[in-house]
Amino acid sequence: MSPEYKVTLDEKLFEVEVKMLDEGGVLVVKVGDQSFTTKPVLTEDGTWIVNDLATDYTVKILKRAGKAITLEINGEEREIEWERQRKVETVKKTAGAAQGGSRVAGGIYPPMPGKITEVLVNVGDKVKSGDTICILEAMKMFNELKANSSGSVKEINVDVGTMVTTADLLILIE
């Protein structure tokens, strides 16, 4: 599962999916049916240089307020609104228990942002407290994420390659 977003630009709604292609920062950005390979680089003055492997674009974040962002793209000011969809789906899957930033009992959350490199369980598997259930790569280290309780795997909300944050419910054990 890759991060998915709903982005509104010029009153048009776009579904956007972002995948990290490699550790060098190359991203594949899918907008609707079109895919773009990009490599964003942050400069010292806070401007991003985004190269789509053909053209360089300069992008600067001018203002951020909730879901609204004002960007300057090649000198032109643009406003977008965005919403990350994967988090919304996770909240729905856990019947509202994770709303307001609280954590779900039996939920496995990453201790730091990173990329899931292995998922060692399947829905329905029985696990014991302390069993390794997935591997998180963060800061070039592989971290074993362990079950914090015994029970059955109820949900798996990640796939190998998923980029995650500390707020993401990875696996639910009941």
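Annotations
- Checking each residue in the stretch 103-118 for being part of a loop (DSSP other than H, G, I, E, B) and among the charged types (D, E, K, R) picks out only R103.
- Restricted to the stretch 1-29, and to residues there that are surrounded by 11 or more Cβ atoms within 10 Å (Cβ to Cβ) and acidic (D, E), the residue that is modelled with the lowest pLDDT is E4.
- Test result for G32, outside the structural domain of N157 (by TED's automatic domain parsing) and either surrounded by 14 or more Cβ atoms within 10 Å (Cβ to Cβ) or closer than 28 Å to K140 by Cα (or both): no
- Taking the stretch 119-136 as the range and being part of a loop (DSSP other than H, G, I, E, B) and of a type outside the set (G, A, S) as the test, the residues that pass are L120, V121, N122, V123, D125, K128, D131.
- Residues that are modelled with pLDDT of 85 or more and either more than 23 Å from E77 (Cβ to Cβ) or not in a loop (DSSP other than H, G, I, E, B) (or both), drawn from the stretch 43-56: W48, I49, V50, D56
- Where D131 falls short, out of the listed (1) acidic (D, E); (2) under 21 Å from the mean Cα position of the chain (by Cα); (3) more than 26 Å from L27 (Cα to Cα): (2)
- Total residues in the stretch 137-150, condition assigned to a strand (DSSP E or B), out of contact with any Ser or Thr (no Cβ under 9 Å at 6 or more places or on another chain) and in contact (Cβ under 8 Å) with a residue 24 or more places away in the chain: 2
The values are calculated or read from the model by the stated rules, or taken from the named source; none is laboratory data. In this text the structure is predicted, and so the values were computed from the model without any measurement. Glycine also receives a Cβ, built like all others from the backbone with ideal geometry; neighbour counts cover every protein chain displayed.
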